[in-house]
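The values are calculated or read from the model by the stated rules, or taken from the named source; none is laboratory data. In this text the structure is predicted, and so the values were computed from the model without any measurement. Don't worry about glycine lacking a Cβ; one is built from the backbone with ideal geometry, like all the others, and counts go over all protein chains shown. Side chains included, ligands, DNA and RNA excluded: accessible areas come from the protein's heavy atoms. Shrake-Rupley method; radii C 1.70, N 1.55, O 1.52, S 1.80 Å.
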Amino acid sequence: MQQLLADLGDPQRSYPAIHVVGTNGKTSTTLLTAELLRAEGLHVGAYVSPHVRGWSERIQVDGTDADLDAALARVRTHAAGATQFEVLTAAALAEFAARGVDVAVVEAGLGGRHDAMNVLDARVVVLTNVARDHTDVLGETREAIAGEKLAVVSRGATVILGDPEWAELARANGAALVELPGASNLALAVAAAEAHVGRTVDPHAADALSVPGRLERRGERPLEIWDGAHNLAGIGYLLPRLPAREYTIVVSILADKDADAMLRALTAVGSSIVATQSSNPRALPADELASLAAPHFGRVEAASDPAGALSRARALAGPDGALLVTGSLYLLSDLYNPYHVPCP
């Protein structure tokens with residue numbers, strides 16, 4: 001990644017950056033921070049992953065998707081041997097330099113220490129939260145995972161912490177701390193924006209922002225909510241924020257997640273579930289997921305095709321019912337993009 005950026009003239013050195021790491025809430029915090037900074041009159045780049053609506057959603061300038069084909073063309077001739085994620089990350093960093101942004105707000109892909117985005121000298125780092133996820137890569141304990149995420153912190157940076165449990169670990173990296181125990185994504189974004197501009201910002205400047213696949217209301221009859229909660233902590237965040245209804249649930253879960261615990265948690269909001277399988281190769285087969293769900297739900301069906309699963313769940317819910325689609329951002333992306341458009 002460092003070589004690829006060097007071949008591109010190190011575009012990431014052309015602007016300051018805010019680096020968002022954590023287990024859950026990174027995309028929302030990234031886009032909220034970018035929106036708050038834009039309201040302050042700054043020209044702002046934002047990079048998020050994975051996408052829900054389409055590939056171009058990952059690279060944004062001033063709240064608008066970049067021209068992804070042009071951004072990729074800028075780096076493609078230098079990218080021999082790079083992974084898809086490395087190419088996309090380099091394309092984002094180069095796009096921000098080409099567009100002359102005042103600041104970039106970027107989301108880590110996985111962890112931090114070995115992530116493709118760990119090529120910045122970010123003066124502000126946000127750690128949203130830490131839960132056990134990707135343990136095969138990041139370590140078995142929350143302490144190990146926090147260490148991997150906070151490895152992106154440069155000496156002298158300001159770290160916004162949603163959980164003060166990691167204060168000493170962040171301080172060991174030479175950081176100044178802003179501790180906000182139990183803070184919402186918006187509160188973390190406000191703190192990050194204020195740390196960058198050095199003054200208070202208006203939190204209501206982001207009121208109109210809608211993040212796809214995050215408590216997204218897709219219909220009213222039946223009530224239909226899509227949320228990409230993809231691990232147990234994410235489900236725990238989602239459930240108390242749902243309108244109080246009995247939901248018919250459409251779910252796909254990746255094989256490396258604690259699917260049984262996620263399913264048990266979902267019984268708090270519904271007794272009927274349609275198990276499906278996203279296009280991600282790590283997704284559990286629909287029949288296997290249905291078997292895991294069977295002990296916990298009164299009604300369990302399986303439909304391998306996500307669109308078919310959604311159609312079936314709508315029929316089960318009826319016009320006066322409620323529908324929850326969750327378990328994986330890849331599932332939501334499949335429903336947004338049923339033809340599985342590949343990266344350009």
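Given contacts defined as C-alpha pairs under 8 Å and at least six residues apart, what's the relative contact order of segment 279-335, whole-number percent? Show your work: numbers first, answer last.
Numbers: 28 pairs, mean separation 19.6, N = 57.
Relative contact order, segment 279-335: 34 percent.
Excluding ligands, DNA and RNA, what is the solvent-accessible area per residue of segment 27-185 at a probe of 1.4 Å, expressed in Å²? Walk me through the intermediate numbers first.
Details: 6040 Å² over 159 residues.
Normalised by residue count, the accessible surface of segment 27-185 is 38 Å².
A cut-off of 5 Å between modelled amide H atoms, ignoring neighbours fewer than 5 places along the same chain, links ALA66 with ILE59, GLN60, VAL61. In the chain, the alpha-carbon atoms span a convex hull of 129 Å³ per residue.
Carbon and sulfur together cover what percent of the accessible area of segment 191-263 at a 1.4 Å probe radius?
Details: 1640 of 3280 Å².
Carbon-and-sulfur percentage of accessible area, whole number: 50.
When the chain is treated as a GNM with alpha-carbon contacts under 10 Å, the residue of ASP62, ASP102, ASP136 showing the greatest mean-square fluctuation is ASP136. Global size of segment 140-213: 13.8, 39 Å for Rg and Dmax (C-alpha atoms, Rg to one decimal, Dmax whole). Note on the chain: with charges restricted to the Cβ of Lys and Arg (+1) and Asp and Glu (-1), its dipole about the Cα centre is near 180 debye.
Using C-alpha pairs below 8 Å separated by at least 6 residues, the relative contact order for the chain is 17 percent.
Sort out the exposed loop GluC sites (Glu not before Pro) in the chain (DSSP loop, at most 13 other Cβ within 10 Å) and tell me the longest stretch that has none.
Values: sites that count: GLU140, GLU246.
Answer - 1-139.
Amide H to amide H distances under 5 Å link ILE18 with ALA104, VAL105, VAL106, where only residues 5 or more positions off or on other chains count and H is placed in the peptide plane. Which of ALA283, ALA80, ALA175 ends up with the largest GNM mean-square fluctuation for the chain, with Cα atoms connected below 10 Å? Of the options given, ALA80 has the highest mean-square fluctuation. Estimated from helices alone, the mean residue ellipticity of the chain at 222 nm is -10000 deg cm²/dmol (sum of -39500 (n - 2.57) over DSSP H runs with n ≥ 4, per residue). With respect to the chain, whose longest principal axis is taken over its alpha-carbon atoms, helix 26-39 is tilted by about 50°.
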